[in-house]
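Just below is one structure, and these are the notes that go with it.
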There are 2 protein chains.
Amino acid sequence: MNKKVTLTVQALQRMPYYLQYLRKAKEQGIESVSSTSIAKDLKLNDVLVRKDLAAISTTQGKPKSGFAVNELIDNIEDYLGYNNTMDAVLVGVGSLGRALLGNDEFEKYGLNIVAAFDTDESIVNQIISGKQVFPLKRLKGLVKRMHINIGIIAVPGEFAQDVADLLVGSGIKAIWNFSLVKLKVPDHVLVQDENLAASLAKLSLHLRDEMEKN
Amino acid sequence: MNKKVTLTVQALQRMPYYLQYLRKAKEQGIESVSSTSIAKDLKLNDVLVRKDLAAISTTQGKPKSGFAVNELIDNIEDYLGYNNTMDAVLVGVGSLGRALLGNDEFEKYGLNIVAAFDTDESIVNQIISGKQVFPLKRLKGLVKRMHINIGIIAVPGEFAQDVADLLVGSGIKAIWNFSLVKLKVPDHVLVQDENLAASLAKLSLHLRDEMEKN
DNA sequence: ACCATATCGATAGTGAGATATCGATATATC
DNA sequence: GATATATCGATATCTCACTATCGATATGGT
Ligand SMILES: NC(=O)c1ccc[n+]([C@@H]2O[C@H](COP(=O)([O-])OP(=O)(O)OC[C@H]3O[C@@H](n4cnc5c(N)ncnc54)[C@H](O)[C@@H]3O)[C@@H](O)[C@H]2O)c1
Ligand SMILES: NC(=O)c1ccc[n+]([C@@H]2O[C@H](COP(=O)([O-])OP(=O)(O)OC[C@H]3O[C@@H](n4cnc5c(N)ncnc54)[C@H](O)[C@@H]3O)[C@@H](O)[C@H]2O)c1
């Protein structure tokens, strides 16, 4: 059924933007869109957009009109797995952890946080945004029993590696890492870093460059 | 004084990791490190590390011993501008906004949030994590008066573009965007997207690939 | 003092990803 | 119905980040 396509990482990361554009178009009653219009809106090259869409689309685009909006939406949602949700556990219910727990948009993107864990006694057993907070020692059992394969790390940097080890030991397949620490994990485990320090580095450099111009 | 080096974006984003490694080494009393050991620890190619460091280092590395830890730390901090802090304003004091306001690590990375803005009357005029929350209509005046050049967007997607326009109109030079919306801004304004949907896409695909293996 | 070797910098090679070009085709217009 | 054109897919080209290779050199061990 599925075309065996291997999208590049970058192409993959563009998909949510395409989806956003397509959904907006759909709302406006538009039935087909061209790669050029998408490209213009997202400030991308039109050939690039065409290649990306060709990779995940079940049907071809038509000359003059473009691609069918509804179909493309389905294709992308399918490809990104927005339909079969991924279960995850969150470790570290601090200010960031709470924000993540309360983020109702994740569902739309196929992520479902089933439980949270913390070491702080005063937080444990609370229910936050409808999710129960368990003591850390119950993590392994719960993850194994429920066959969870994503762990979200939102603990301070000094504990991040320990938590990662625990998650890996519990059979997790991927880690979403919000700490700034580079984690050491086995090769089969994916670590997706959400490193704000790296982003800040880009901001800083851009500003310096702008200053030098003037 | 400064060597006129143009690091690639990727190299730039690796710098915080190097810094982390170097600081840890320093704590342990290590005075010089080799590119190979850094590479091994961070799972990078050693030549890549060498090139990155050569680009920002004032002195060369020595055969057999490597690079001087203290000096490298200074060089990187200098390069990333951790010494002269960047002032920023935050727009949207919801659960994410609060987490960002309360994040005391930003200072270390050269970012200083000087004020926050929100439209919600019940939040306005509060002081959260030591930062005052102002009504949105006071943004322009304050940004101009204080010569702020970074705006952080943490409002729901549907308002993100409006806020971006306001920020741009106030003379901001860079936007740190936590919403999932692709913003339209003039060319001279940098938008650093912190798009969780793109990250989730990567996680999703990895999991599917892992499943297919078994 | 000598040699083995870890590390360096420089240069060349590779590969992923983005862009440019071109012929084909569906649709709108006259 | 003929014609113009926007859009498509395929192929070729270009770009640039990363990697591999190699000779040079400082340092530690014998
Ligand atoms: N606050 C932010 O805006 C922000 C943004 C991006 C990334 N981060 C990163 O996310 C992490 C958490 O940030 P925060 O601001 O929420 O910190 P926080 O101090 O508010 O929360 C940390 C939580 O982790 C818990 N914890 C500590 N050790 C634990 C362990 N071993 N197992 C389980 N739970 C443990 C603590 O009890 C606390 O509840 C940090 O690494 C930070 O760098 C924070
Ligand atoms: N919660 C998370 O974990 C998380 C993580 C990453 C990104 N995001 C994104 O960050 C944004 C905010 O998320 P949140 O969970 O904090 O939402 P939230 O609803 O908790 O907070 C949004 C805040 O923005 C304020 N606001 C609304 N319109 C505004 C305007 N025009 N000007 C100023 N303030 C305005 C609201 O009053 C509210 O305080 C969203 O775009 C979300 O997708 C959230």
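Just so it is clear, none of the values below were taken in a lab; they were calculated from the coordinates. All values derive from a computational prediction rather than experimental measurement. Every residue, glycine among them, receives a Cβ derived from its backbone with ideal geometry; neighbour counts consider all protein chains shown.
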- Task: Could you please point out the chain B residue with its Cβ nearest to the axis of the rotation taking chain B onto chain A, and the distance in whole angstrom?
- Result: B:Ala99, 2
- Message: Explain nothing, just compute: Karplus ³J(HN,Hα) = 6.51 cos²θ - 1.76 cosθ + 1.60, θ = phi - 60°, for every residue of segment B:145-150 in order, whole Hz, x for Gly and Pro.
- Response: 5, 8, 6, 6, 10, 10
- Note on the structure: Counting every C-alpha pair in chain A, the percent lying more than 20 Å apart is 66 percent
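Can you give the mean number of other chain Cβ atoms that lie within 10 Å of the Cβ atoms in peptide A:72-85?
Values: counts 0, 0, 0, 0, 1, 0, 0, 4, 7, 7, 4, 0, 3, 1.
Mean partner shielding for this stretch: 2.
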- In the neighbourhood of A:Arg138 defined by beta carbon distances under 13 Å, the net charge of the other residues (Lys, Arg +1; Asp, Glu -1) is +3
- Query: So if we plug the beta-carbon distance of B:Lys51 and B:Glu71 into 1/(1 + (r/R0)^6) with R0 = 22 Å, what FRET efficiency do we get, rounded to 0.05?
  - Reply: 0.80
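When only C-alpha pairs under 8 Å and at least 6 residues apart count, what is the relative contact order of segment B:65-124, in percent?
Once divided by the residue count of segment B:65-124, the mean separation gives 38 percent.
How far, in nm, would the chain grow between A:Lys144 and A:Ser129 when pulled straight, counting 0.36 nm per residue and subtracting the alpha carbon separation?
Full-extension gain reported as 3.0 nm.
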- Query: Which of B:Met86, A:Pro63, A:Asn112 sits closest to the plus end of the dipole of the protein assembly as shown, meaning its Cα is farthest towards the positive end, when Lys and Arg get +1 and Asp and Glu get -1 on the C-beta?
  - Reply: A:Pro63
- Please give the calculated 222 nm ellipticity per residue for chain A, where each DSSP H segment of at least 4 residues contributes -39500 (n - 2.57) and the sum is spread over every residue; nearest 500 deg cm²/dmol? -14000 deg cm²/dmol
- Item | Total formal charge among the other residues, if their Cβ is under 12 angstrom from that of B:Leu167, Lys/Arg +1 and Asp/Glu -1 | +1
- Task: Please work out the C-alpha center-to-center distance from segment A:156-214 to segment A:76-94 and express it in whole Å.
- Result: 19 Å
- Task: Per residue of segment B:22-33, in order, report the coupling 6.51 cos²θ - 1.76 cosθ + 1.60 (Karplus, θ = phi - 60°) as ³J(HN,Hα) in whole Hz, putting x for Gly and Pro.
- Result: 5, 5, 5, 4, 4, 4, 7, x, 6, 9, 9, 10
- Item | Karplus 3J(HN,Hα) series, Hz, for segment A:186-197 with 6.51 cos²θ - 1.76 cosθ + 1.60 (x for Gly, Pro) | x, 4, 6, 9, 8, 10, 9, 7, 10, 8, 5, 4
- Task: Would you please give the residues with an amide H less than 5 Å from that of B:Ser32, counting only those at least 5 places away or on a separate chain, with H modeled from the backbone geometry?
- Result: B:Val69
- Note on the structure: With the label set 7 Å along Cα→Cβ, B:Gly171 is separated from its counterparts in the other copies, in nm and shortest first, by 6.0
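How high is the relative contact order of chain B, given as a whole-number percent (alpha carbon pairs under 8 Å, six or more residues apart)?
Working: 291 pairs, mean separation 27.1, N = 214.
Relative contact order comes out at 13 percent.
How well do other chains shield peptide B:149-157, expressed as the mean number of their Cβ atoms within 10 Å of each residue Cβ?
Working: counts 5, 5, 0, 1, 0, 1, 0, 1, 2.
The per-residue average across the peptide is 2.
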- Label point at A:Glu107 placed 7 Å out along Cα→Cβ; residues across segment B:92-108 whose backbone nitrogen lies under 20 Å: B:95-96
- If all Cα-Cα distances of the protein assembly as shown are sorted into 10 Å bins from 0 onward, what percent lands in each bin, rounded to whole numbers? 4, 19, 27, 29, 17, 3, 0
- List the distances, in nm to one decimal, from the label point of A:Thr36 to the label points of the same position in every other copy, shortest first, placing each label point 7 Å from Cα along the Cα-to-Cβ direction. 5.6
- Note on the structure: Footprinting proxy, A:Asp52, A:Asp104: sorted fewest to most Cβ within 10 Å, the residues are A:Asp104, A:Asp52
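Tell me, what does the Kirkwood hydrodynamic radius of segment A:86-198 come to in angstroms if you use every pair of distinct C-alpha atoms?
Details: mean 1/r = 0.0723 Å⁻¹.
The answer is 13.8 Å.
Any idea what the dipole of segment A:86-198 comes to, in debye rounded to 20, about its Cα centre with Lys/Arg Cβ at +1 and Asp/Glu Cβ at -1? Write down the numbers at each step before the final one.
On the way: 11 positive and 13 negative charges, 76 e Å.
Dipole magnitude for segment A:86-198 comes out near 360 debye.
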- Message: Taking a point 7 Å out from Cα toward Cβ as the label site, list the nm distances between B:Lys51 and the same residue in every other copy, smallest first.
- Response: 2.1
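Nearest 20 debye, what's the magnitude of the dipole of chain A about its Cα centre given +1 on Lys and Arg Cβ and -1 on Asp and Glu Cβ? Walk me through the numbers on the way to the answer.
Working: 26 positive and 25 negative charges, 111 e Å.
About 540 debye.
Taking a threshold of 22 Å on the Cα-Cα distance, which of the pairs B:Lys26/B:Lys64; A:Lys26/A:Lys108; A:Lys108/A:Lys144 fall above it? Mind showing how you got there, number by number?
Working: B:Lys26/B:Lys64 19 Å; A:Lys26/A:Lys108 17 Å; A:Lys108/A:Lys144 25 Å.
Too far apart for the 22 Å limit: A:Lys108/A:Lys144.
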